[in-house]
Amino acid sequence: MIRQTVAHVDLGALAHNARAIRAFMAARTGGAGPVLAGVVKANAYGHGAVEAARTLLDAGAGLLACADIEEAVDLRRAGLGAPILVFGAFGLGDLDGIFEYALTPTVSTPTAASRLQAAAAQRGVRLRYHLGIDTGMHRLGLRHDNLSRTTPELLASPNLEIEGVYTHFASADEPGSDLFARQQRNFEAADRALAALGARGYVRHAANSGALLADPSTWFDLVRPGLLVYGVAPPAFEGRVAVRPVMSLRSRVAAVKGVRSGESIGYGGRFVARRPTTMAIVPAGYADGLDTRLEGRGAVLVRGRRAPIVGAVSMDMIALDVTGMGVEPGDEVVITGRQGEDEITVGEMAGWVGTIPYELLCRVGNRVERVYHSP
């Protein structure tokens, strides 16, 4: 190990979360419940895609899902043979990867449909795909109210076979959201429209983490919890499933030094000590994923107590006020995670800086070593 700042990834917690989500659904359906997709896009939300994918499959996930073809190819090259759904759009140059690595693409535009049909016909194969429906988020997907114009040619394609139909909710984690209710109605209408056009035998899916916890009517045949499986629930639904945080970010005190009253600390000199202050320097900064807005707002755990972050968060270091704490070089620093009786969650840190947990997890830098703890 070269650097002291390390992300500990508890694969046992990840497996527990997957099983807890499946048990939660089974208890409400009276059966096995819908299929769980292992969402491992963005390097499994910063946790490590290959390791997370293996763990989720072992814990009962029925397929994997990622953002683009490059992510899916990495999983295949690591030896993972499970079905892989690719959410994102693709270009003409990406088509070879879909066929070479047996991926399941999303068709979200008529152009994508025609390109896939031509490529499949050229190879003499029949390709299964999922159809993305725009029900009101207005990113990717065919409009829910225009399917009679955009899908007949696709549904009649001799080399393409519809395997799934899905949408994505924009506000499922907001209780009482009118947009969430409207998107549900639009998806159900799209399902009826596709049936009227002759589409048959496909799986339906719509539920992200918020929808899974908010409304079982959105579960359909398959669910796609992202952040929830990594141990972070939307604040409005915390406690509905007993999930555990999977990642903790830890470092060590590199140096301890005294600062006199009136002296400034860090870039810009924005923090000025009002009293003789003991500072601890920690080798973790914004290149490791720490938000610069933690300055003067955030804290970390040292010796079981919260130590405020003072001065600017720099690329490679932060400074802590550890006055009176007896801190020494080498002491463990918990940036997110539990130490003693206290815990700093990713959600709490996100609240300090006005962002979302997704962003903080995905920003943990590549130079931060991931240490995996087996289930």
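Only beta bridges with both residues in the chain are counted; by DSSP, about 50 percent of them are antiparallel. The length gained on full extension between M315 and A189, counted as 0.36 nm times the residue separation minus their Cα-Cα distance, comes to 40.4 nm. Subtracting the Cα-Cα distance of E174 and A78 from their residue separation scaled by 0.36 nm leaves 30.8 nm. Measuring from centroid to centroid over Cα atoms, what is the spacing of region 1-49 and region 319-343 in Å? Using only Cα atoms to place each centre, the spacing works out to 28 Å. For the peptides 335-341, 54-60, the ranking by mean Cβ contacts within 10 Å, running from highest to lowest, is 54-60, 335-341.
Taking 16 Å as the cut-off, the amide N atoms of region 284-313 that come nearer than this to a point 7 Å along the Cα-to-beta-carbon line of K257 belong to 284, 310-313. When the helices of the chain are scored as -39500 (n - 2.57) per DSSP H run of n ≥ 4 and the total is divided over every residue, the value at 222 nm lands at -8500 deg cm²/dmol. The label point for N159 and the one for A196, both projected 7 Å from the Cα toward the Cβ, are 3.2 nm apart. Per-residue surface analysis assigns F99 an accessible area of about 40 Å², computed on protein heavy atoms at 1.4 Å probe radius. With the simple spin-label model, which puts each label point 7 Å out from Cα in the Cβ direction, the T150 to E343 separation comes to 4.2 nm. When the alpha carbon gyration tensor of region 257-320 is reduced to an equivalent ellipsoid, its three semi-axes come out at 18, 14, 10 angstrom, largest first.
With a 1.4 Å probe and all protein chains left in place, how much accessible area per residue does the chain have, in Å²?
Heavy-atom accessible area per residue stands at 44 Å².
Kirkwood analysis of the chain, using all unique Cα-Cα pairs, places the hydrodynamic radius at 22.6 Å. Using modelled backbone amide H atoms (1.01 Å from N, in-plane), which distant-in-sequence or interchain residues come within less than 5 Å of V107's amide H? Under 5 Å from the amide H of V107 lie the amide H atoms of H130, L131, G132, each far enough along the sequence or on another chain. Amide H contacts for I318 (H built 1.01 Å from N in the peptide plane; partners 5 or more residues away or on another chain; cut-off under 5 Å): V282, A284. Using only Cα atoms, locate the centre of region 262-277 and the centre of region 71-138, then give the distance between them in Å, rounded to an integer. Distance between centres, Cα-based: 55 Å. Inter-label distance, R126 to R293: 5.2 nm, where each label sits 7 Å from its Cα along the C-beta direction.
Between R182 and E100, the C-beta separation translates, for a Förster distance of 30 Å, into a calculated FRET efficiency of about 0.15.
The values are calculated or read from the model by the stated rules, or taken from the named source; none is laboratory data. Remember, it's a predicted structure, so these values are computed and weren't measured experimentally. Every residue, glycine as well, gets a Cβ built from its backbone with ideal geometry; the counts of neighbours run over all protein chains shown. Only protein heavy atoms, including side chains, enter the accessible area calculation; ligands, DNA and RNA are left aside. Shrake-Rupley method; radii C 1.70, N 1.55, O 1.52, S 1.80 Å.
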